[in-house]
Structures are given as structure tokens and as C-alpha cells.
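Scroll down for the structure; my scribbles are underneath it.
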Amino acid sequence: MDVEELSARGLKLRQKFFGEADVEKRMQAAGEFGAPFQHIINAYVYGDVWSRDGISNEVRSLVMLAMTAATGRTNEFRVHAKGARANGCTLPQIQNVLLLIAMYCGIPAAIEPHQIVAEIYGSDATKPENQK
């Protein structure tokens, strides 16, 4: 598969996860200067790595939440928390990931991600059945 095909496949997958409007906004954020970088993201991140067999996109989303929370990348955490919802991740799964982050990376690394998840999932985040 050539790079243009990877890019098209990646863009389609990215839009499925995050929505067309959000992807367009991120792609335009740095204007023409950022266009080559966005092409790399579409082709190689989503067109190649996220499209591989071996693990589900649900698992990939949980890994992304863990990595972005652990490294303090809260803007990217927010993006991937929305994608995790689209990929079928449950609140108990996300909560368990954030508890692991708190234990292994420190409480401060998990505070803002908890707030972001509560914001994105709204009242669903406060239901007892989603807190196991």
C-alpha cells in the first residue's frame, strides 16, 4: 500500500474515532506549516499502526489513555478519551487504567485525567454501576 492510500485510510479511521469536525480542527491548527505532520499522523499513526491486526482498537485506546495520563499530556488524553468512548471502552476499564496510573505514576498524574473523563462522560461517570 502506498503512502497516499495509508493516509486516506488513516484519515477515515481518525474521523471515525474522533469525528470529522474535531479531526479537521486539529489538522488545520498549524495551517500549511503543520500539513506534512498531519499527513504523517494520518498515514503512519492511523493508516498503519492503528490499522494493524493483533490487538483491538479498544485496547489501543486504553493504552493511549495510560500513556497520555502517565506523561501528563492532558490535551492528548482528552482527545483519546473521546476516541476511547467511540472504540467501546467502558468507564470501569478507564477507571481501572487511571487507578493504575495513580499507583504507578503518582496521584497527581491521575487527577486531571479523572476530571476529563467525568466531563466527557457526564452523568454516566457518577453512576454506581460504572464505578467498579
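Observations on the structure shown:
- Screening the candidates 110, 43, 118 for the property of being of a type in the set (Gly, Ala, Ser) and assigned by TED's automatic domain parsing to the domain that holds residue 11 yields one hit, 43.
- Selection status of residue 65, within 10 Å of the chain's Cα centre (by Cα), under 15 Å from residue 117 (Cβ atoms) and not β-branched (Val, Ile, Thr): yes
- Wholly within the stretch 32-132, helices (runs of 4 or more DSSP H) carrying at least 3 residues that are in contact with a Cys (Cβ under 9 Å, 6 or more places away or on another chain): 57-70
- Close pairs (7 angstrom Cβ cut-off, 6 or more residues apart or separate chains): touching a residue at least 12 places away in the same chain (Cβ under 8 Å) in the stretch 33-62, part of a loop (DSSP other than H, G, I, E, B) anywhere: 57/87; 58/87; 58/88; 58/89; 61/87; 61/89; 62/89
- Hits in the stretch 70-93 (condition: hydrophobic (A, V, I, L, M, F, W, C) and closer than 20 Å to residue 14 by Cα): 77, 79, 81, 84, 86, 89
- Meets criteria (aliphatic (A, V, I, L, M), exposed (fewer than 15 other Cβ atoms within 10 Å of the Cβ) and within 16 Å of the chain's Cα centre (by Cα)) for residue 79: no
- Among the residues of the stretch 13-28, at least one is of a type in the set (Val, Ile, Thr), under 23 Å from residue 120 (Cα atoms), within 14 Å of the chain's Cα centre (by Cα) and not assigned by TED's automatic domain parsing to the domain that holds residue 118.
- Residue 43 vs. criteria surrounded by fewer than 14 Cβ atoms within 10 Å (Cβ to Cβ) and either at positive phi or small (Gly, Ala, Ser) (or both): no
- Residue 21 under 29 Å from residue 92 (Cα atoms) and of a type outside the set (Asp, Glu): yes
The values are calculated or read from the model by the stated rules, or taken from the named source; none is laboratory data. Since we're looking at a predicted model, the values are computed, not measured. Here the Cβ is made from the backbone with ideal geometry for all residues, glycine too, and neighbour counts use every protein chain on show.
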